[in-house]
Amino acid sequence: MSSEPSLQDLEQALIDRARRLAEEYMARARATRERMISDKNEWLRIREEREVLAAELASERFYRSKVQSTEMELQGELDRRRWEMVQDLKVSIRQKFLALMETEEYVAVLKRFLSSAATALHDEGELVAQLAQRDLERFGAEWTQWLRELAPGSRVILSDEAGDFTGGLLMRNGDDSVRVDHSFEGRMERLEEQINLVLTAELFPTVAAANGVSADD
């Protein structure tokens, strides 16, 4: 009996080998496919994460922009309303001052202004004072008496030219290098900043607190 493989055995061996190679190639193909799918999924995941992150960043930028825009609009509105209130308050103060000018109390106020200004400019030599047109007409004849009572030792000439203000008094030295402005408009100008601070503290406490301002300042 011959021990050599028959033709049928060789064919079967070739078929088996071909099957094994085919299975091996198929296994490799499946592994490659799975790896490609996994890589693709990972790439998609990373892309999705990047897109989500980009969307979040864009949303955050948009939100911050809207917040900043809203804050600016709110600040502008607060400034506008505060300005309107200051103007209303100034009108109210002016009306009260005009009403005060019709009373005897105004005479006392005017005398206090005269005494204060003369004291402040005592060392400036000869002084010149101005009154509003109405006050010049009302009190011009009393000026010398007022000086004797309120500014003894000071020489204060009452100008014939009325001051360009509503009421009160303006006093200066001879060369107009030093002056004390007790006119209504001058005092209002100096008080305007303080009025703004008070209104801010009273009406907009959150804004005032952020700026370190209180109603008691």
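The values are calculated or read from the model by the stated rules, or taken from the named source; none is laboratory data. Not measured: the values here are computed from a predicted model. So basically every Cβ, Gly included, is an ideal-geometry build from the backbone, and we count neighbours across all protein chains shown. These area figures cover heavy atoms from the full protein model, side chains too; ligands, DNA and RNA do not enter into them. Shrake-Rupley method; radii C 1.70, N 1.55, O 1.52, S 1.80 Å.
On a 0 to 90° scale, report how tilted helix 184-203 is relative to the longest principal axis of the chain, with both axes built from alpha carbons and the result rounded to the nearest 10.
So the helix axis and the longest Cα principal axis differ by about 40 degrees.
Excluding residues on the same chain fewer than 8 positions from K40, give the aspartates and glutamates whose Cα lies under 13 Å from its Cα.
E48
Toward the positive end of the charge dipole of the chain, about the Cα centre and with charges on Cβ (Lys, Arg +1; Asp, Glu -1), which of G125, V86, G167 goes farthest?
Positive-end residue among those listed: V86.
Consider all pairwise Cα distances in region 1-99 and report the whole-number % of them above 22 Å.
Details: 3543 of 4851 pairs.
Everything past 22 Å amounts to 73 percent.
Can you tell which of E23, E104, E48 shows the greatest fluctuation in a Gaussian network model of the chain with Cα springs below 10 Å?
Among E23, E104, E48, the largest GNM mean-square fluctuation belongs to E23.
Carbon and sulfur: what percent of region 11-57's accessible surface (1.4 Å probe)?
Accessible surface attributable to carbon and sulfur in region 11-57 totals 57 percent.
Would you mind pulling out the separation of the Cα centroids of region 117-135 and region 6-36, in Å?
Here the answer is 120 Å between Cα centres.
Using θ = phi - 60° and the Karplus relation 6.51 cos²θ - 1.76 cosθ + 1.60, list the HN-Hα couplings for region 137-143 in order, rounded to whole Hz, with x at every Gly or Pro.
6, 7, 10, x, 5, 9, 4
Out of all DSSP beta bridges with both ends in the chain, state the antiparallel percent to the nearest 5. Please report the intermediate quantities before stating the final value.
Numbers: 10 of 14 bridges.
Looking only at bridges with both residues in the chain, the antiparallel portion is about 70 percent.
For the chain, modelled as a Gaussian network with Cα springs under 10 Å, which listed residue fluctuates most, E137, E24, E193?
Residue with maximal mean-square fluctuation among E137, E24, E193: E24.
I need the fraction of alpha carbon pairs in the chain separated by more than 25 Å, rounded to a whole percent.
For the chain, the fraction of Cα-Cα distances above 25 Å is 68 percent.
Per DSSP H run of n ≥ 4, the term is -39500 (n - 2.57); total these for the chain, divide by its residue number, and report the mean residue ellipticity at 222 nm rounded to 500 deg cm²/dmol.
Calculated mean residue ellipticity at 222 nm is -25000 deg cm²/dmol.
For region 67-184, with only Lys/Arg (+1) and Asp/Glu (-1) charged at the beta-carbon, what is the dipole magnitude about the Cα centre, in debye rounded to 20?
For region 67-184, the charge dipole is close to 280 debye.
Using modelled amide H (1.01 Å from N, peptide plane; none on Pro or chain starts), what sits under 5 Å from the amide H of G163, excluding residues fewer than 5 places away?
Result for G163 returns L131, A132, Q133.
Rounded to the nearest 10 degrees, what's the angle between the helix 7-100 long axis and the longest principal axis of the chain, both from Cα atoms, 0 to 90?
10
Cβ neighbours within 10 Å, averaged per peptide: list 35-43, 182-190 in order, most packed at the top.
Those peptides, ordered most packed to least, come out 182-190, 35-43.
With everything on Cα atoms, drop me the angle between helix 104-120 and the longest principal axis of the chain, reported from 0 to 90° to the nearest 10.
The angle comes out near 80 degrees.
Rounded, prolate or oblate for region 77-126? Axes are the square roots of the Cα gyration tensor eigenvalues, ordered a ≥ b ≥ c, and the cut-off for rounded is a/c under 1.5.
oblate
Given charges of +1 on the Cβ of Lys and Arg and -1 on the Cβ of Asp and Glu, with all other atoms neutral, how large is the dipole of region 1-146 about its Cα centre, in debye to the nearest 20?
400
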